[in-house]
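A.B. asks: Right, I'll just put the structure down here and ask away after.
Every number here is computed from the coordinates shown, using simple stated rules; none is lab data. Note that the structure is predicted; figures quoted are calculated from it, not measured. Heads up, the Cβs are rebuilt from the backbone with ideal geometry, glycines too, and the neighbour counts pull from every protein chain shown.
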Amino acid sequence: MLLTALSLVTYLFLYAPIIVLVALSFNRSRLSASWGGFTLDWYAKAASNPAILSSLRNSLIVAFATTVIASVAATAGALAFHRHRFRQRGLLEGLITIPTVAPEIVLATSMLLLFASAGLRLGFLTIILSHVAFTLSYAFVVVKARIAGFDHSLEEAAMDLGAGPVTTFFKVTLPAILPAVMAAALLVFALSIDDYVVTSFVAGVGATTLPLQIYSMVKSGISPEINAVSTVLLAATALLLFAAFLFEQGRSARTAALPALFGLALLGSPFVLAGPGTAGSQKVLNLYIWSNYIAPETIAKFEARHGVKVQVDLYDSNEALLAKLQAGNAGYDIIVPSDYSVQVLIAQHLLQPLDHSALPNMRNLDPGFLDRSYDHGNRYSVPYFWGTTGIAYDRTKVAAPVDSWSALWDPRYAGRVLMLDDAREAFGAALKLRGRSHNSTDPRLLEAARDDLLRQKALVRAYNSTNFEDVLLSGDVWLAQGWNGQFAKAMDENPNLVYVIPKEGSTLFIDNLAIPSDARNRELAHAFIDFTMEPEIAAEICRTMKYSSPNQAAWPLLPEAVRKHTAVFPPKEVLQRLELLEDLGDTTVLYDRLWTEVKSGR
Ligand code: N2P
């Protein structure tokens, strides 16, 4: 009795999340909290989403290539071990299987390092190579187990009767071990199609696979569309693995192939639904930009005008951007570094000089944002957005008006505080509260700031630089450190939200468009930069994202509500309290270390 109950609970524990996911994929309501009736709409929507389709296509290309290479290699290897006795056989066999137990994150890091040092550009090739590397061992184990009982004398008999080695292989050996090879192939396919960790390291641009696409969509909120895609992926992998199991059990090829065919058909079905014309060989501009920094409609305008495709990848911190570029071969054509990161990238020769003659719309920019210390003469960068870091709070929940960073350390708000997941901004707040500059480099002072942040941690509900404004809107937190544009949007949704720049001062940021030194589409990149500086486009970008526009020709085109929004364009006296973050050189390492201590400490 007890045992039955325990097993029930265990199964529920294992499968409840999946059941919820599948159920929600059929939920008419967008909100996961309420059931709005049955619908297949989310499946239709997912099947007509070009980003999902192209990532699925990429995943299928990778999985097929990986399957062929890994199965052939694993079969050859397994046969070799089966046939020949040689010294160190046990050791060598062990070495092949180690990747099945090695931590995936280690495999991922080492592949990335290897590719970077070999100068390989990240893309399809690197994904396929890595997938082969980690699936090969699984395939080897499966084939080897199955051919253990394979009788060598059959091959000898065939040879004796005059068959050459090739004929013997195809007429005798292969048919005998085929079930094992099929089982291995299906396993490899299933492993490859849903891999995230390794792929995220070695993907580069233009080769986004389905799992990467799903994750990047989740970052901007879980939509039922994702539930639908995940359900399809889940069903397809389950069918493939079931087929692999049947092959391994030695069921007839027909029985075993059936679920496999169903699984593959499921993965192919979106293309049938979407009809022809989704594939294309257009030119692609690879844009790496902050999340919440450009609207799809703006991208669509550029694509239509130039007949190109813009592939957008998102990040949420300068450190993530720098890491990606420093790893090399990222393949982006345009990036959007903040002030101090422009300085770092120039020093490391990771940017290429801009051709000002291809950027006539630069004349629309407010000269106050040009020729700044991080890039004199704007040789490498042009301002795209500027903005502020501040605190937004819900005045129905936070009684006293907030005017200081100390509010984020106030025990009354325990569990209701959100901080940016950003070393420079979090330390910036702590340093300002101590009356010091957020560009301080004194180790003693920084350690004190770390202790402040550790103390604050008991009150912090979340560190979040992605959708901090949503967390505030949902009521999960009452006060949040964050960037002005997303807060300005949230304030339009909830008039009880207030945005303040603390009296101790805060960050002014200027985020810039720049072209990495290894960018391939130099000309198109310039066209894009110039496009964003057209008055109408700059106005659209500012109106939709609510970060502050450095484009003075766009200001008259902005709706009054945006022009007068104090969170978007702060008054002069507030501006005086702001300063830019600067590149701190060697001290950056110290910030990294202390920030890790804050995040991992208690
Ligand atoms: C957009 C973040 C604003 C950029 N999500 C801060 N430099």
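A.B. asks: Amide H neighbours of GLN311 under 5 Å, at least 5 residues apart or on other chains, H built in the peptide plane: list them.
C.D. replies: LEU285, ASN286, LEU287
A.B. asks: Enumerate the lysines that LYS546 could reach by cross-link, defined here as Cα to Cα under 24 Å, with residues fewer than 8 away along the same chain left out.
C.D. replies: LYS219, LYS301, LYS489, LYS503, LYS564, LYS572
A.B. asks: With label points built 7 Å along Cα→Cβ from the Cα atoms of LEU3 and ALA458, find their separation and express it in nm.
C.D. replies: Going from the LEU3 label point to the ALA458 one covers 4.8 nm.
A.B. asks: Is any helix in the chain, taking whole DSSP H runs, at least 24 angstrom long along its axis by alpha carbon and on average at least 0.0 on the Kyte-Doolittle scale, and which ones?
C.D. replies: Flagged H segments are 2-24, 50-83, 124-147, 174-193, 224-248, 253-274.
A.B. asks: By the gyration tensor of its Cα atoms, with a ≥ b ≥ c the square roots of the eigenvalues, what is the shape of the stretch 508-595: rounded for a/c under 1.5, prolate for a/b over b/c, or oblate?
C.D. replies: Judged from the Cα gyration tensor, the stretch 508-595 comes out oblate (a/c at least 1.5, b/c at or above a/b).
A.B. asks: Let me know the shape class of the chain, please: from the alpha-carbon gyration tensor, a ≥ b ≥ c as square roots of the eigenvalues, rounded when a/c is under 1.5, otherwise prolate if a/b is greater than b/c, or oblate. Write down the numbers at each step before the final one.
C.D. replies: Values: a/c = 1.99, a/b = 1.82, b/c = 1.09.
Note, shape of the chain comes out prolate.
A.B. asks: Continuing with this model, one more query. Which whole-number percent is the relative contact order of the chain (Cα, under 8 Å, 6+ apart)?
C.D. replies: For the chain, the relative contact order is 15 percent.
A.B. asks: Find the relative contact order for the stretch 518-602 and round it to a whole percent, using C-alpha pairs within less than 8 Å whose residues are 6+ positions apart. Before the final figure, lay out the partial values.
C.D. replies: Numbers: 35 pairs, mean separation 14.7, N = 85.
Computed value for the stretch 518-602: 17 percent relative contact order.
A.B. asks: Further question on the same structure: Would you please give the residues with an amide H less than 5 Å from that of SER338, counting only those at least 5 places away or on a separate chain, with H modeled from the backbone geometry?
C.D. replies: ASN512
A.B. asks: Considering the options LEU154, LEU408, GLN88, tell which one lies farthest towards the positive end of the dipole of the chain, charges being +1 on Lys and Arg and -1 on Asp and Glu at the Cβ, about the Cα centre.
C.D. replies: Highest projection toward the positive end goes to LEU154.
A.B. asks: Further question: Check the straight Cα-Cα distances from LYS171 and name the lysines below 30 Å, setting aside those fewer than 8 residues away within the same chain.
C.D. replies: Within the straight-line limit of under 30 Å, LYS171 reaches these lysines: LYS144.
A.B. asks: Same structure again: If amide hydrogens are placed 1.01 Å from N in the peptide plane, which non-local residues have theirs closer than 5 Å to the one on VAL460?
C.D. replies: Under 5 Å from the amide H of VAL460: GLY415.
A.B. asks: Let a ≥ b ≥ c be the square roots of the eigenvalues of the Cα gyration tensor of the stretch 189-231; is it rounded (a/c under 1.5), or, if not, prolate (a/b larger than b/c) or oblate? It would help to have the intermediate numbers written out before the result.
C.D. replies: On the way: a/c = 2.45, a/b = 1.40, b/c = 1.76.
Judged from the Cα gyration tensor, the stretch 189-231 comes out oblate (a/c at least 1.5, b/c at or above a/b).
A.B. asks: About the Cα centre of the stretch 47-272, how large is the charge dipole given +1 on each Lys and Arg Cβ and -1 on each Asp and Glu Cβ? Please answer in debye to the nearest 20. Kindly include the intermediate steps, with their values, before the conclusion.
C.D. replies: Numbers: 12 positive and 10 negative charges, 32 e Å.
I would put it at about 160 debye.
A.B. asks: Normalised by the residues of the stretch 450-602, what does the relative contact order come to in percent, with Cα pairs under 8 Å and at least six apart?
C.D. replies: Details: 113 pairs, mean separation 47.2, N = 153.
Dividing the mean separation by the residue count of the stretch 450-602 yields 31 percent.
A.B. asks: With only Lys, Arg, Asp and Glu charged, each at its Cβ (+1 for the first two, -1 for the last two), find how big the charge dipole of the chain is about the Cα centre; round to the nearest 20 debye. Intermediate results must be reported in sequence, preceding the final value.
C.D. replies: On the way: 49 positive and 53 negative charges, 206 e Å.
Here the size comes out at about 1000 debye.
A.B. asks: Mind ordering 146-155, 243-252, 399-408, 1-10 by average Cβ neighbours within 10 Å, highest first? Don't skip to the answer; put the middle values down first.
C.D. replies: On the way: 146-155: 13.3, 243-252: 18.2, 399-408: 15.8, 1-10: 8.5.
Put in order of decreasing packing, that is 243-252, 399-408, 146-155, 1-10.
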